Amino acid sequence: RIGLGFYSKQYEIGGIEFENAEHFDSRMILMVAGLQVGDKISIPGDRISTAIDNLWKQGMFEDVKISATRIQDNLVFLKITLRERPKMSKYKIMGISGDDHKKLNDDLHISAGDVVTENMLQTSKNIIRSYYLEKGFSNVEVTHSLEPDTSEGKDRVIVYFHTSYGIKKFFK
């Protein structure tokens, strides 16, 4: 990284390179980020922070970094480094019966290829938890774990939902 000092200075973006973005169209990344070669930006300034926020909000990445790799006169060259969230190859719900599997599979609305986000995991756990609470079980606990699925290629995981639903209540 290049030390850019304390005071803001205006630069023209002279070039943008990407790291770890092989599954994404670079034009799409730039459109979402709101950055283009030839744009004028201040460093430090809000445009880089806004670009990072815009990419982060897509929910497709675990990490987003934008750094200046080189400054030449009034040109700045940027590198956008992304770390994709893994995609789910399959999921399994552990500790439940066959009938419950069928009902929960219908309710979850998740499938192979989905990006594994915190929201997807939490929503799925809430659906499983609610299912057992509605059936009258107490102390329902649902956790998850991720296991790399090397048979499906890089950045694929198997999502395991682990359930524990205690004793069925007889009175409400």
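So what is the calculated 222 nm ellipticity per residue for the chain, using -39500 (n - 2.57) for each DSSP H run with n of 4 or more, over all residues, to the nearest 500 deg cm²/dmol?
So the helix-based figure for the chain works out to -8500 deg cm²/dmol.
Put one equal scatterer on each alpha carbon of the range 61-107, apply the Debye formula with no solvent term, and list log10 I(q)/I(0) at q = 0.22, 0.30, 0.32 1/Å to two decimals.
Scattering profile of the range 61-107, log10 relative to I(0): -0.83, -1.04, -1.10.
With just the Cα atoms of the range 25-115, tell me how far they stretch along each of the three principal axes, in Å, largest first.
Computed over the range 25-115, the largest-to-smallest principal extents equal 68, 21, 18 Å.
HN-Hα J couplings of the range 85-91 from phi, Karplus 6.51/-1.76/1.60, θ = phi - 60°, integer Hz, Gly and Pro as x?
6, x, 9, 7, 7, 6, 9
Provide the per-residue ³J(HN,Hα) series for the range 66-83, in order, calculated from phi with Karplus coefficients 6.51, -1.76, 1.60 and θ = phi - 60°, each as a whole number of Hz, with x at glycine and proline positions.
Each residue's phi maps through the Karplus curve to give 10, 10, 8, 9, 7, 10, 9, 6, 9, 9, 10, 10, 10, 10, 9, 10, 10, 10 Hz.
K154: accessible area at probe 1.4 Å, nearest 10 Å²?
Surface open to solvent at K154 totals about 140 Å².
If you wrap the range 90-141's Cα atoms in a convex hull and average its projection over all directions, what's the area in nm²?
The directionally averaged projection comes out at 3.7 nm².
Using each residue's phi in the range 118-135, evaluate 6.51 cos²θ - 1.76 cosθ + 1.60 at θ = phi - 60° and report the 3J(HN,Hα) Karplus result to the nearest Hz, with x for Gly and Pro.
4, 5, 4, 5, 5, 4, 4, 5, 5, 5, 5, 4, 4, 4, 6, 5, 5, 7
Tilt of helix 98-108 relative to the longest C-alpha principal axis of the chain, in degrees (0 to 90, nearest 10)?
For helix 98-108, the angle is close to 30 degrees.
Determine Rg/Rh for the chain; Rg is computed over alpha-carbon atoms and Rh is the Kirkwood hydrodynamic estimate from the same atoms.
Checking Rg against Rh, the ratio lands at 1.18.
Given H placed on each backbone N at 1.01 Å, which residues far from D114 in sequence or on other chains put an amide H within less than 5 Å of it?
Residues meeting the amide H criterion: M88.
I want the antiparallel fraction of DSSP beta bridges within the chain, as a percent rounded to 5.
65
The values are calculated or read from the model by the stated rules, or taken from the named source; none is laboratory data. Model, not experiment: these values are computed from the prediction. Each accessible area value is taken on the protein alone, full model and side chains, heavy atoms only, with ligands, DNA and RNA left out. Shrake-Rupley method; radii C 1.70, N 1.55, O 1.52, S 1.80 Å.
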